[in-house]
Amino acid sequence: MSKFGGVFLTALLLGAAPVAQAEVPRHIAQEAAWGCRDRSDLIDLLFLGLSTSFDNKLATALGDGRCVYFTAGESVTIVRDGGHGIVKVQRGGATPVTYWTTVRNLD
């Protein structure tokens, strides 16, 4: 095998490893778990924490369709690790949709 063949094979294997890991099904662990389509929306809401504006901003994002509530026990698939306890999950159904959420929402 040439030097380039080895490099190509290594890159192919390294690129395939996260895909195989991402296909592990997980479940939503909490009743009030929520996630957002845009990572920046999720981070903005997380920084609000327990402030009084959190409920209003989350309600607006839910109403706009930017964020959703998950059902406890719902199956999701992690498609990307965003670091710092944030993951991108894919929600099943006829048309799969991805959302950013916190790891603590998964079992």
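Laboratory data are not the source of any read-out in this text; all were calculated from the coordinates shown. The model shown is predicted, which means the values in this text are computed figures rather than measured ones. Methodologically, a virtual Cβ is constructed for each residue, glycine included, from the backbone with ideal geometry; neighbour enumeration extends over all protein chains shown.
The number of residues in the stretch 52-107 being among the aromatic types (Phe, Trp, Tyr) and more than 11 Å from the chain's Cα centre (by Cα) comes to 3.
Does VAL76 meet the test of being under 12 Å from ARG26 (Cβ atoms) and in contact with an Asp or Glu (Cβ under 9 Å, 6 or more places away or on another chain)? Judged against the criteria, VAL76 is not a match. Looking across the stretch 61-107, the residues that are in contact with a Cys (Cβ under 9 Å, 6 or more places away or on another chain) and β-branched (Val, Ile, Thr) come down to VAL68, THR101. Considering each residue of the stretch 79-107, count those that are under 17 Å from GLU31 (Cα atoms) and of a type in the set (D, E, K, R), and give that number. Going through the stretch 79-107 one residue at a time, the tally reaches 3.
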